[in-house]
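Encoded as C-alpha cells, the structure appears first; notes follow it.
The values are calculated or read from the model by the stated rules, or taken from the named source; none is laboratory data. It should be emphasised that the depicted structure is a prediction, and the values quoted were computed from it without experimental measurement. Reconstructed Cβ throughout: ideal geometry from the backbone, glycine too, with neighbour counts over all protein chains shown.
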C-alpha cells in the first residue's frame with residue numbers, strides 16, 4: 001500500500017509542478033525557443049571571438065619568446081666581447097704591476113740584506 005501511495009503522490013506532484021511551470025512561464029514556448037536560439041548564436045559568436053583572441057595571444061607569446069631568445073644571445077655575445085676587450089685592455093697594466101711588484105720584492109730583499117749586514 002505504501003508504494004502505491006508514494007507513486008500516486010509523485011504522479012500528482014509532478015503533474016501539479018508541470019501545470020504550475022506552464023502557467024507561470026514568462027513567455028510562450030515559441031518565444032522561449034526563439035530566445036534560446038538567439039542566445040546560443042550569441043554564445044557561439046562570443047566563443048569564436050574568444051578563440052580568435054587566444055590565437056592572437058599565442059602568436060604574440062611565441063614572437064616574444066623568439067625575441068627574448070635573440071636578445072639573450074646578443075647579450076651573451078656582447079658580454080663575451082666586453083670581457084675579452086677588458087682582458088686585452090688590462091693586460092699591459094697587469095704586466096707593469098707585476099714588474100713593479102718584482103722591483104719592490106727585490107728592494108725589500110736588498111734592505112733585509114743590508115740590515116743583516118749591520119747586525
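Residue-wise test of (1) surrounded by 10 or more Cβ atoms within 10 Å (Cβ to Cβ); (2) part of a helix (DSSP H, G or I).
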residue	(1), (2)
6	yes, yes
13	yes, yes
18	yes, yes
21	no, yes
26	no, no
32	yes, yes
38	yes, yes
49	yes, yes
58	yes, yes
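Yes/no per residue for (1) surrounded by 10 or more Cβ atoms within 10 Å (Cβ to Cβ); (2) in contact with a helix residue (DSSP H, G or I) (Cβ under 7 Å, 6 or more places away or on another chain); (3) at pLDDT below 90; (4) within 30 Å of residue 26 (Cα to Cα):
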{"position": "46", "(1), (2), (3), (4)": "yes, no, no, yes"}
{"position": "64", "(1), (2), (3), (4)": "yes, no, no, no"}
{"position": "104", "(1), (2), (3), (4)": "yes, no, no, no"}
{"position": "110", "(1), (2), (3), (4)": "yes, no, yes, no"}
